[in-house]
Structures are given as structure tokens and as C-alpha cells.
Amino acid sequence: MRETIRLTMAQALVKFLTKQYISVDGEKSKFVHGVAGIFGHGNVVGIGQALEQYKDEIRYIAGKNEQEIAHACTAFAKQNRRRAIIPCTASIGPGSLNLVTAAGTATVNRIPLLLFPGDIYADRQPDPVLQQMENEADYTVSVNDALKPVCRYWDRVLRPEQIMTAMLNAMRTLTDPAKTGAVAICLPQDVQGEAYDYPVDFFKERVWYVDRTPACEDAIERAAALVKSAKKPVILSGGGVRYSDAGKALYELSSQYGIPVCETQAGKGEIDSSYEMYLGCAGICGTLAANLVTKDADLVIAVGTKLNDFVTNSKWGFSEDAKMIGINTSRMDAMKLDGECVVADARAGMEALTKALTGYKAEWGTQIAEARQLWEDERAKLAQIELPNGFSQTRALMDLDNLLTAEENIVAASGSLPSDLERVWTAKRPGQYHLEYGFSCMAYEISGALGVKLAEPEREVYAFIGDGGFMMGHSDLVTSLQERKKINVLLFKNSGHQCIHNLQRSQGSDTFGTEFRFREESTHELTGEYLPIDFCKLAEGYGAKAYRATNSAELKAAIEEARKQTVSTLIEIDVLPGTMTGGYANFWRVGTAEVSEKPAIQEAYNKLNEVVKDLRKY
């Protein structure tokens, strides 16, 4: 007879988590490194009790906001190249509903995020329970159904024995390079405490093998034929290159055949920036060098990227006649822009293509060197910006690029900072540059820094965040202090959502609702003085060390002082509004009003529409 052990469903879940491992290229490592979240009545006496029971085997990290601590879990997995996770638990109702944005962020970025939202009673006895949202047409629905569109796998455990198949499917999804993203296992609060005689072998050490998907020989032959027919191919390197440790394979493909390399936000840092064929990031936030070259390319080899509009310049960034090759574990991503589809692991795909191209050489001539020089000249100008009225954001970032070392990590996600960083930051090693830009999710930055610190506690980590993003969420600054995991917050204070302010004005609108200003009694509009927010005092109130910088010298001094601290720090960097970098040979389609009483908006629409008429439609 099969040996069993009697446990509650929540105890079985936690016990199972402690036994999960992952193996990549023969290297086995622990997959689950704790559980984070917030306790409420819907989970504290269920999964909370189980976590307390097994506290010597798995740690618990107490967040302050469900969305933000789930972002920290996402960042932890991203920094570990998807080979380690911290699941997140939340109570029923609003606590679980707070996970929706975090789930979307993880799924869009293809990052494994395991969620345990509390749920309503399966037996319905105390119906309706506190925080339950009743659906008159479908009583099986709870707020957790809102997680379905943003998860790669979703399940609701209505009986204690169902946790076994639910978790096997969860792990299958989380460890699949092509399918990974957010996974929600909804846990009714009564079922969490119900007992069952579980098979002992369910809790044995379980290894999830991430085998590299090889490229089909026929697909490689078709791709190689396309490359050989091209004179000016370019490689576009995405996050898949990082997650498959494919930097070396990328370099070999490029260097052997003279094919220049551009990157995306997720792929930045996987190839040495001093390499003569490296052009920086391409797209709306791209460098002048990259955008000039991609526009002139007759073939784009897109590796490990989902080709969103910021990468493709809303499909304007490539010649209308340029051919596409997509190398990706996801068939959906590999076939985008009507590309020749190579479904494969990024490293395996590039290695196979490299072998198939023997004898080929691209014909770029001196064009790559000239494009690189143009961009270096522009960077030199940006590094010398001096403004009479205050500090430039671009200059501050160029200063920080020199001040922060290769051993220190940076994190950013929203506003103008990711655009600037993508252009001007020199990624000094793989993994130093941690950007969430699939969702560009505000409030990810500080939580992301905590997640990166949990993943690499020996390194300093810096969150680059605007005051708009900081106001959206910064509760994990407190969590970092509680966990004694030092992070450094670089808060760029420009009194509003200035990148959106620039966008509205570029499309003919006046300033409206994008700056932090007082409402004027005379006009009833938000056109008064800027709000005098003191972010340093706020950080100090939490227990962090705080500094203020208004110029390059003060910024350097603040960084040096922050490095000496053992607790989290915040540096308020006062920068002038509108002093971010501009665009370089780029285009972004936005929904400008077709009809307006204002001539400037009508003019902006007409200009936009002229470009859109000639863009690729698919």
C-alpha cells in the first residue's frame, strides 16, 4: 500500500514547494527561495499557519502592498534568469485583486511569478464572506477570475487533493521558456485548512529540466538562405538571449560574418559595448547609431524578442522591403513581422545558424564604424550639458554612468528614465542592467530593486525612479529596511509625469494634468506652484538615510556617502522638467485626436497620419 502523510492542503503546498529544483545544462539548483506576501483573514490561518510550521525550511517575506511585493518576486526571478522564484500569497478580495497588475507585468515580460490568492469559501457556508464580491449571474466567480487574462496558467483548488495536479501544472508552466509568466493557484480559505492523506512520494525532491529547444534543420536552411541573399543584415538581441546565456553565441554569429548587433531593453548588456559591431539599443528609445543602421538593413535577425512597438519604432524602424528572421522559443514571437520562423532556444538557434553561414560576409563597409562615431560624438555632448537654471536629467544620468561601477546593479521601469538609460547607459556586465519595459509598470522600480537585492545580496543596487513613479508605490523601501536588505533609491524630482507632459505637448496639446501643481482658486485648474514635496524627509521617516543633489558635485558626494551606509538610502536628485534626452531617428505612433478645435492638434494628427499610411500593417 502506498505510504501517505496527513496534512492540510496548505501544509502540503508549502512542503511541496521546499522540494522543487531546476536543472539547466546539467546544473541543478533550488527553484523556490521563500514566500512573500501579506496575511489577511483569507490566508493567515491557512497558508500562514503552514509557513510558520515550516519556517526552518522556507522563509517568509512580509510585504506592505500586494502589487509591490509581487513585483519584488518578479524581479527576483528575472535577475536569476528565470531559474529561481519567490511565490506570493495574498488574502481574499482586495488583497488578491491587487495582484492583477503584478501578474500582467510578469506575463508580458515572460517572467515566472507564482501567486497564491486567497479565495472565497468552497463550501459557501458563511456566504457571503467578508470581502467577497458576489456575481448574481455566476456564483462560481470571485475577484480572482480577474487574474485569468493576465496569467499563463490559472487554477482554483476546491478540494485538498486537487493541489497535487494544480502544482504540477504550475511548475510545468513556470519552467517552460516559451510558456512562462504568471501562474495563479487560487486557494479558498476553508480548503487551505482541510486535511487529506497525501502520498509521501508527492513530496520527494523533484527536478524540472529546462532542455534547450533545438532548431529544426529545415528552418535553419531557410534562414541561412535569407541571410546569404542579404547584403546588410542586422541582429536584434532581446531578453531571450540573456535567459538562455547566449551572449557568446551572439558574438560568434556577429563577429564571424560582420553582422552588427542592436539590443532591446531586456537584452541590453549581453554583449560588450566596446565591441566594434555593437550599436546600442534600437527603437523609440534607441541610439542614433542603431536606428540609422536598422533603417538601412535589408534583413533583421530578431533573437529572443517579442518585437513590441518600442523596439520596432511602431514598425517604422525597418525598411518596408527588409526581410525578417525570428529565432524564439515562442512561435507567436518568432513569426512576427511576417518573419521566417525558427522556433528554438536563442543559443541553440544562433549556434545552428552560425554553422550554416560558412563563407558568408555582410557588406556594411565603413557604415557601422561611422554610425558608432556619430553616437559617441552625441554622447560626449550629453555628458557636458550645463544649464543656467538647474540640473539636467540627461547630465545626471551620464554622471551616474561614470560613478556606478560594474559590480553595482541598476533597476528602472517607467517614465522617461528607461528611455534615457537605454540610450546613454553603458551596461558594464550581463545582469547589471535590470529594466522592466515590457509593461513599463510604474511602482515596479523600488520593489524591483528589492527583488534584485534578494537575488544578489552581495551587490549594491540602485532604483532609478521619477517622483511620479515614487508616488505610485514605494512600500518596499520599508520592506527592504525590515529585511535588512539595503537598496539605494535615486529619485529624480521633476514635479510630475514629465515624459507624458512632453508627449502631450508634442502632439499639439497644452499642459494638462501631468504636473504636480496646486489647484488655483481663481481658475480652478492645476496651474499653481509646484507641490513642495520633501522626499528626503519621507525616507528618513521610514528609517532610511537620505541625501539631496542639485548638481554633479553633490550627486557624486551623495553616491559616495550612500555606499558607506548599511541601511537603505534615498538620493533626491532635483532636475529641471523636460531635460531628458530627445529621440534619435525614431517614430512612435500615438492616438492623436483626428478632430480638434486646436490647429496644433490637427496639424499633429495630419503629420502622424501621413507616416502611418505607409507603415507595415502586420
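Some notes on this structure:
- Counting only helices (runs of 4 or more DSSP H) that sit wholly inside segment 172-255, those with at least 3 residues that are over 30 Å from L158 (Cβ atoms) are 217-228, 239-243.
- Residue, farthest from the chain's Cα centre (by Cα), within segment 332-354, restricted to residues that are free of Cβ contacts under 8 Å to residues at least 40 places away in the same chain and surrounded by fewer than 24 Cβ atoms within 10 Å (Cβ to Cβ): G339
- Condition broken by T405, with the remaining ones in (1) open to solvent by 10 Å² or more (accessible area, probe 1.4 Å); (2) of a type outside the set (D, E, K, R); (3) farther than 22 Å from N65 by Cα; (4) in contact (Cβ under 8 Å) with a residue 24 or more places away in the chain satisfied: (4)
- Among the residues of segment 86-111, the one identified as open to solvent by 30 Å² or more (accessible area, probe 1.4 Å), within 17 Å of the chain's Cα centre (by Cα) and farther than 21 Å from N308 by Cα is V100.
- Single residue of segment 437-454 satisfying the filter (crowded, with 24+ Cβ neighbours inside 10 Å and in contact with a Gly (Cβ under 6 Å, 6 or more places away or on another chain)) that is farthest from M580 (Cα to Cα): A443
- The single condition among (1) charged (D, E, K, R); (2) surrounded by fewer than 21 Cβ atoms within 10 Å (Cβ to Cβ); (3) assigned to a loop (DSSP other than H, G, I, E, B) that K295 does not meet is (3).
- When residues of segment 455-478 are limited to those that are in contact with an Asp or Glu (Cβ under 8 Å, 6 or more places away or on another chain), more than 30 Å from T527 (Cβ to Cβ) and not aromatic (F, W, Y), the one surrounded by the fewest Cβ atoms within 10 Å (Cβ to Cβ): R459
- Listed by first and then second residue, the pairs with beta-carbon distance under 7 Å, at least 6 apart or on different chains, first residue in segment 598-618 and over 13 Å from Q504 (Cα atoms), second at pLDDT 90 or above and in a helix (DSSP H, G or I), are R616/L337; Y618/D338.
- Among (1) closer than 27 Å to E560 by Cβ; (2) over 21 Å from the mean Cα position of the chain (by Cα); (3) β-branched (V, I, T), the one test that V424 misses: (2)
- Evaluation of D614 against (1) open to solvent by 50 Å² or more (accessible area, probe 1.4 Å); (2) assigned to a loop (DSSP other than H, G, I, E, B); (3) within 29 Å of N402 (Cβ to Cβ); (4) not aliphatic (A, V, I, L, M) (one fails), failing number: (3)
- The residues of segment 312-336 that are under 17 Å from A223 (Cα atoms) and modelled with pLDDT under 95 amount to a single one, D321.
- Total residues in segment 507-561, condition within 22 Å of R395 (Cα to Cα) and among the aliphatic types (A, V, I, L, M): 7
- Matching residues in segment 369-402 - criterion: being assigned to a helix (DSSP H, G or I) and open to solvent by 70 Å² or more (accessible area, probe 1.4 Å): E370, Q373, L374, E376, D377, K381, N402
- Filtered by the rule that a residue be out of contact with any Pro (no Cβ under 9 Å at 6 or more places or on another chain) and farther than 16 Å from V424 by Cα, segment 277-293 gives a lone residue, L292.
- Whenever a residue of segment 26-48 is aromatic (F, W, Y), its partners that are buried (at least 20 other Cβ atoms within 10 Å of the Cβ) and assigned to a loop (DSSP other than H, G, I, E, B), lying with C-beta atoms within less than 7 angstrom and at least six residues away or across chains, give the pairs F39/S91.
- Condition check for A302: in contact with a Pro (Cβ under 9 Å, 6 or more places away or on another chain) and surrounded by 21 or more Cβ atoms within 10 Å (Cβ to Cβ): no
- Test result for E572, open to solvent by 50 Å² or more (accessible area, probe 1.4 Å) and either in contact with a Ser or Thr (Cβ under 6 Å, 6 or more places away or on another chain) or on the phi < 0 side of the Ramachandran plot (or both): no
- Every residue from segment 158-168 that is more than 20 Å from I120 (Cβ to Cβ) and open to solvent by 10 Å² or more (accessible area, probe 1.4 Å): M164, T165, L168
- Qualifying residue in segment 379-386 (condition: under 24 Å from A539 (Cβ atoms) and either of a type in the set (D, E) or within 21 Å of the chain's Cα centre (by Cα) (or both)): no
- Single match in K485, K556 (criterion: within 21 Å of Q432 (Cα to Cα), surrounded by fewer than 16 Cβ atoms within 10 Å (Cβ to Cβ) and touching a Leu at 6+ places or on another chain (Cβ under 7 Å)): K556
- For segment 8-24, the criterion of being open to solvent by less than 10 Å² (accessible area, probe 1.4 Å), without any contact (Cβ under 8 Å) to a residue 60 or more places away in the chain, part of a strand (DSSP E or B) and in contact with a Phe, Trp or Tyr (Cβ under 8 Å, 6 or more places away or on another chain) is met by no residue.
- Segment 347-368, residues that are among the β-branched types (V, I, T) and in a helix (DSSP H, G or I): T354, I368
- Selection within segment 188-208 - open to solvent by 40 Å² or more (accessible area, probe 1.4 Å) and under 30 Å from H41 (Cβ atoms): G193, E194, A195, Y196, D197
- Of all the listed residues (D155, D211, D127), the sole one being open to solvent by less than 50 Å² (accessible area, probe 1.4 Å) and either of a type outside the set (V, I, T) or over 26 Å from the mean Cα position of the chain (by Cα) (or both) is D155.
- Residues that are over 30 Å from E217 (Cβ atoms) and exposed (fewer than 12 other Cβ atoms within 10 Å of the Cβ), drawn from segment 355-368: G365, T366
- Test: residue in segment 28-38 that is among the basic types (K, R), closer than 26 Å to D476 by Cβ and either open to solvent by 10 Å² or more (accessible area, probe 1.4 Å) or out of contact with any strand residue (DSSP E or B) (no Cβ under 8 Å at 6 or more places or on another chain) (or both): yes
- Filter pass, K55 being charged (D, E, K, R), more than 29 Å from H434 (Cβ to Cβ), open to solvent by 60 Å² or more (accessible area, probe 1.4 Å) and at pLDDT 95 or above: yes
- Any strands (runs of 3 or more DSSP E) falling wholly within segment 458-565 and containing at least 3 residues that are more than 29 Å from K607 (Cβ to Cβ) and touching a residue at least 60 places away in the same chain (Cβ under 8 Å): 488-493
The values are calculated or read from the model by the stated rules, or taken from the named source; none is laboratory data. Since the structure is predicted, the reported quantities are computational estimates derived from the model, not experimental observations. Methodologically, a virtual Cβ is constructed for each residue, glycine included, from the backbone with ideal geometry; neighbour enumeration extends over all protein chains shown. Just the protein is used for accessible areas: all its heavy atoms, side chains included, with ligands, DNA and RNA removed. Shrake-Rupley method; radii C 1.70, N 1.55, O 1.52, S 1.80 Å.
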